[in-house]
Amino acid sequence: MIRAMRWRLDPLSLAWAVALFLVLLLLATVGARWGWVRSFLGDVLAVMWVYVVFKTFVAARMLPLALAALGVGYVVELGQFLASAWHLHIPNRALRIVLGSTADWWDVVAYTIGFAAVLAIEALGSRIRAARPTTSAP
């Protein structure tokens, strides 16, 4: 049976979304000269951030949300490729920084690693929650 997605507000996921956003903001500004760390790690963290944003507002199973976050990354990369192929240019500098301006296969690899990291972290969290005792001893 497929569980329906429901709207909700998950405070813990919201806290993670804010924390990851701040890290991404630091990478985009302070880390501008950090080369591959900024670009590759930023893309890995971007997929993780999109996932926790989805998780903040949508009550659904982990895999569909993680696949949706991965899909967002892939669509952004496809948009960069098509913009380059059609010689389009985003005039807004901030939007160019957020969305990127050049398509690169390493970005696709980074998005996939971010997706795998989400799966691994959620699996680890499930194991920790399952091992936690549900009742306290008297």
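The values are calculated or read from the model by the stated rules, or taken from the named source; none is laboratory data. Please read these numbers as outputs of a predicted model, since none were measured by experiment. With ideal geometry, Cβ positions are generated from the backbone for all residues, glycine too; neighbour counts draw on all protein chains shown. Note: accessible area is taken over every heavy atom of the protein model, side chains too, but ligands, DNA and RNA are not part of it. Shrake-Rupley method; radii C 1.70, N 1.55, O 1.52, S 1.80 Å.
Between the residues Leu63, Ser13, Ala85, the greatest Cα displacement towards the positive end of the dipole of the chain, with unit charges on the Cβ of Lys, Arg, Asp and Glu, is found for Ser13. With Cα atoms as the point set, the radius of gyration and Dmax of region 37-90 evaluate to 13.3, 40 Å. The heavy atoms of Arg8 offer some 90 square angstrom of accessible surface to a 1.4 angstrom probe. Distances between placed amide hydrogens fall under 5 Å for Val58 paired with Arg8, all partners being 5 or more residues away or on another chain. Ordering Val47, Val108 by accessible surface, largest first, gives Val108, Val47; the 1.4 Å probe counts only protein heavy atoms, with every chain in place.
Expressed in nm to one decimal, what extension gain is obtained for the pair Val75 and Val18 from 0.36 nm per residue of sequence separation less their Cα-Cα distance?
Numbers: separation 57, 0.36 × 57 = 20.52 nm, distance 2.29 nm.
Taking Val75 through Val18 to full extension adds about 18.2 nm, to one decimal.
If R0 equals 35 Å, the separation of the Cβ atoms of Val58 and Ala85 corresponds to a calculated FRET efficiency of about 0.60.
Between helix 11-29 and the chain there is an angle of about 30 degrees, using the helix long axis and the longest principal axis of the Cα atoms. The magnitude of the dipole of the chain, with charges of +1 and -1 set on the Cβ of Lys/Arg and Asp/Glu and taken from the Cα centre, is near 460 debye. In the frame of its principal axes, region 1-88 has Cα extents of 44, 31, 18 Å, reported largest first.
Sorted largest first by accessible area at a 1.4 angstrom probe radius, with every protein chain in place, the residues Phe57, Phe40 fall in the order Phe57, Phe40. Take every Cα pair under 8 Å whose residues are at least 6 apart in sequence, average their separation, divide by the length of the chain, and the relative contact order is 29 percent. Per the helix-only calculation at 222 nm, which mean residue ellipticity applies to the chain, given -39500 (n - 2.57) for every DSSP H run of n ≥ 4 and division by its residues, nearest 500 deg cm²/dmol? Rounded to the nearest 500, it is -23000 deg cm²/dmol. Taken along the Cα-to-beta-carbon direction at a fixed 7 Å, the label points for Leu67 and Arg93 span 4.1 nm. Ranking of Asp104, Asp10 by solvent-accessible surface, largest first: Asp104, Asp10 (1.4 Å probe, protein heavy atoms only, all chains present). The shape of region 63-118 comes out prolate: with a ≥ b ≥ c from the C-alpha gyration tensor, a/c is at least 1.5 and a/b beats b/c.
Relative to the longest principal axis of the Cα atoms of the chain, the long axis of helix 62-85 lies at roughly 0 degrees.
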